[in-house]
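**Student:** This is the structure, below, for whatever I ask next.
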Amino acid sequence: MTLPIVVGVDGSDASLLAVDWALYEAARRDLQLRLVYASLWERYERAIPSSGWERPSGRGLAEHIVASAAERAAQRDPLVKVTTEVVPAEAADVLLREGHNAFALVTGVRGRGELKGLLLGSVGLTVAGRAHCPVIVVRGDKAGLAGTHERILLGVGESTTGGQAVRFAFHEAEARGCTLDAVRAWRCPAIEGADHPALAEEPVHQHEQRASAHLDDQLREAMADQPDVLVHRATVEGPARRILVSRSAAADLVIIGARRRHGHFGLQLGCVSHTLLHHAYCPVAVVPQLA
């Protein structure tokens, strides 16, 4: 069975941008689009006594929101099949359950009612940190959101986090017909007290070689399976989070892996993923690697 792309909608501008992004992704991959609204309006409606005036129904508002989002999608691409659902439950919990039967989960950078000063809303952060399917948080500048760079950026992490992310990145680049930039960041501790410059440079060279070999190992299988994908590989000295945020300014999507350990229920995000989700210049895909 082909799994759909699931989008969390709530009527906010950010969620409508997420719908637009997911619609084009569904069209590229020939997938269905599923729009889900989740809220605890029933709890609040029962708690508020009637004062004699007609309050708008929480469910009525939710159904209007998903219907409007579905209409928006149909106007932009009527060939993509769209389904909707309204669920009276916590949004993050609903999306995490949806993720068990989804190709990917897509959220906006911030939900309706959340403070504008937030760089990333609580639902997006929770879903990105716990879901067992790829999660795309739609954020960034106009060029990144519009997909005009024709480049996908892959942050190649450790082997325990990167296998699924690499495969996702290659499929994404192939579906878009664009270039894949695969980047491995490396660090070399400062060497103090070296008597000769050549002695200080040797460890740097070794670190760079190790990073290059790791990059080759992580890409080899996917490159063999999808030889038509144009790959630009790079090893760069410096903090991965800073390098990837900077390079995301020239990408349409940045992809990073995240390890998921069974039995761990908190957020499972490294500092690189966390930084990208808050500061990247384009949408961010967090792809879980189940351990």
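The values are calculated or read from the model by the stated rules, or taken from the named source; none is laboratory data. Predicted model, so just to flag it, every value in this text is computed and none were measured. Note that we place each Cβ from the backbone using ideal geometry, even for glycine, and neighbour counts take in every protein chain shown. SASA here: full protein model, heavy atoms, side chains in, ligands and nucleic acids out. Shrake-Rupley method; radii C 1.70, N 1.55, O 1.52, S 1.80 Å.
**Student:** Can you list residue pairs whose Cβ atoms sit under 7 Å apart, with the first residue in segment 229-248 being free of Cβ contacts under 8 Å to residues at least 60 places away in the same chain and within 22 Å of residue 172 (Cα to Cα) and the second being surrounded by fewer than 18 Cβ atoms within 10 Å (Cβ to Cβ) and small (Gly, Ala, Ser)? Count only pairs 6 or more apart in sequence or on different chains.
**Tutor:** Final answer for the pair search is 235/212.
**Student:** Looking only at segment 209-227, filter to residues that are of a type outside the set (A, V, I, L, M) and in contact with a helix residue (DSSP H, G or I) (Cβ under 7 Å, 6 or more places away or on another chain); which one of those is least open to solvent (accessible area, probe 1.4 Å)?
**Tutor:** Among those that are of a type outside the set (A, V, I, L, M) and in contact with a helix residue (DSSP H, G or I) (Cβ under 7 Å, 6 or more places away or on another chain), it is 226.
**Student:** Identify, please: which residue in segment 97-113 is in a loop (DSSP other than H, G, I, E, B) and open to solvent by less than 50 Å² (accessible area, probe 1.4 Å) and is, among those, modelled with the highest pLDDT?
**Tutor:** 102
**Student:** Right, another one. For the list (1) within 24 Å of the chain's Cα centre (by Cα); (2) aliphatic (A, V, I, L, M); (3) surrounded by 18 or more Cβ atoms within 10 Å (Cβ to Cβ), I need the number of the one condition that residue 249 fails.
**Tutor:** (3)
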